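Bear in mind these aren't lab numbers, they're just calculated from the coordinates by the rules spelled out. Nothing here was measured: the structure is a model prediction, and the numbers come from that model. For neighbour counting, all protein chains shown are included, and Cβ atoms are generated from backbone atoms with ideal geometry for every residue, glycine included.
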Amino acid sequence: MKANTHVRFRDTLGQAISGLLQRPGRSALTALGTTLGIGTFVAVLGLSASASGQISTRFTALSASEVILERDAATPDEPAAFPTQAQEALAALPGVVHVGVTWPVPTTAAIANRPDTDAVTGESLSVQAVTPGYLDAIHARYSAGMPLDRFHHDRGEHVAILGSSAAHRLGISRLDAQPAIFIGSRAFTVIGIIDHVDRAADTLMSVMLPSTAVNAIWGPSPDSGNTSTMLIESQLGAAPQVSRQAKIAARPDSIDRTRAAPPADPRFLRDRVAGDLDALGLALAGVVLLVGAIGIANTTLVAVLERIPEIGLRRALGARRRHIASQFFVEAGTLGLLRGLIGTAAGIGTVVIAAMAHSWTPLLDPMWIYPSPLLGAITGLLAGLYPAWKGARIEPADALRV
C-alpha cells in the first residue's frame, strides 16, 4: 500500500519556476506568442476607444454643422436648380456660415494638359461645377495657387481648380507658368490645387470649374439624370434649425422637389467604427493567442519528455500522478501569467504612445485591462492540459529504463 503523500502548493510552484528557469531562453521565445496576443488585445481595445472618441469629436464638429439640399435636373421652365438668389437667401439665414452649390458637368470629353489629346490618351476625371461658397464650406486647403473667388465666378472666367489626385494624373504640380487643361477643345487656366478638404473628399479627384462658366458652355445646371447639391455650413448647434428653414428659403416656389438632409447622429458612426476595429483587432489577437498557446503546449511537452528520468525517480519516491500533473500544469499557467502581465504592459504603452503621436486622449478601460493577465494565465493553463496529462501517465519503471 502506497503511503499518503502530500505536496504543498508552494513547493509545486517552486518546482514549476525551477523548471522554467532551466531553459529561460526557450521559455521566453515560446511565450512570445502569448505576449503578443495579450498585447494586441489590450492595444486594440485601447486604440479603438481612443479613436472612437476622436472620431466622435471630429464628426460632431463637422457633420453637426452640415446641411445638404438636393434638387433633380433642371427643366425648361426652371433653368437653374438653385439660382443665385437662393444662395443669397440662405446666406442671410441666422446660423449659416457658408453656402455653395455643385453639380456634375455633363461632358464625356477627355481631359488633358495638351490640346491635341484624344479620348484614348486623355484622362477620365470627374468635372464639377462649383461656386466659391462650396469650396469654403468643404474647408478646401490649397497646396498651390489661389482659391476660386467672386471675381472669377461672376465674370464666368475659364479657370479651373484641381484636386491633388487630379493634378497628379494630369502632370501638373506647379502653377507659376499658368498651366492650362483642356476639356475636349476648351482650355481652362489652372489657378489652384487643393490638397486637403474636411468634407467631400471626392473633390481631390475632380476638376472644378466656376458654375457660371459651366452654365455658359454646357447650359443650366444640371442635365437630365443628375442632381444639383447645395452644401450649407452652419454654426455648431444651428444645423437642425437651418435644415428646416433651408427648403423654404432656397425654393419657396417648389418645396416638394427640394430634399434636405439634416446632420446625422455622430454616435452611429462612432459605434460602427469602434465595432469594426474591435472585431478586426480581436480576431487578430485571437489568432496570435492561439499560436502562443500552441507554443506553450509544445514547450511544456518537450520539458516533459526531457525530464522523464526525473519524473520516474519522483514517482518511485512516492509522488502521485496528480503531483506530476500539477507541476507541469502550474508551470504552463505561470508562464502564461507572466507573459500576460508583460503583454498588458506592452499594450498599454502602445496605446499611450499612439495617442500622444496623434494628439489624442488615451482611453483605457480598467474593465478589460485588469483581466488581461488572467487571460494569459488561462491560455497557459489550457495549453498545459495535454503535457500535464502526458507526464502524469509516465510509469516509474518505464521512466527509469530511458
key: Cut-off under 5 Å, modelled amide H: who pairs with T227 long-range   = none
key: Ascending count of other beta-carbon atoms within 10 Å, so fewest first, for M146, M367   = M367, M146
remark   = Nearest-0.05 FRET efficiency for D154 and I248 at R0 = 30 Å, using Cβ-Cβ distance, is 0.70
task = Compute the distance in nm between two label points, each set 7 Å from the Cα along the Cα-to-Cβ direction, one at T189 and one at I353.
result = 5.2 nm
ask   = So, in nm, how far is label D116 from label T361 when the simple model puts each one 7 Å beyond its Cα toward the Cβ?
value = 6.2 nm
task = Compute the FRET efficiency between L236 and L385 as 1/(1 + (r/R0)^6), taking r as their Cβ-Cβ distance and R0 = 41 Å, and round to the nearest 0.05.
result = 0.10
message = Using DSSP to call loops (not H, G, I, E or B), can you name the trypsin sites (Lys or Arg not before Pro) in the range 122-203 whose Cβ has at most 12 other Cβ atoms within 10 angstrom?
response = R174
remark   = Least to most buried among E157, E66, E306, by other C-beta atoms within 10 Å and fewest first, runs E306, E157, E66
ask   = At S126 and E306, where each label point lies 7 Å from the Cα along Cα→Cβ, what is the point-to-point distance in nanometres?
value = 6.2 nm
note = Non-local residues with an amide H under 5 Å from the amide H of G95, with H modelled 1.01 Å from N and Pro and chain starts lacking one, are none
note = Once the dipole of the range 298-378 is set up from charges on Cβ (+1 Lys and Arg, -1 Asp and Glu), the residue from the list L337, A316, V352 lying farthest towards its positive end is A316
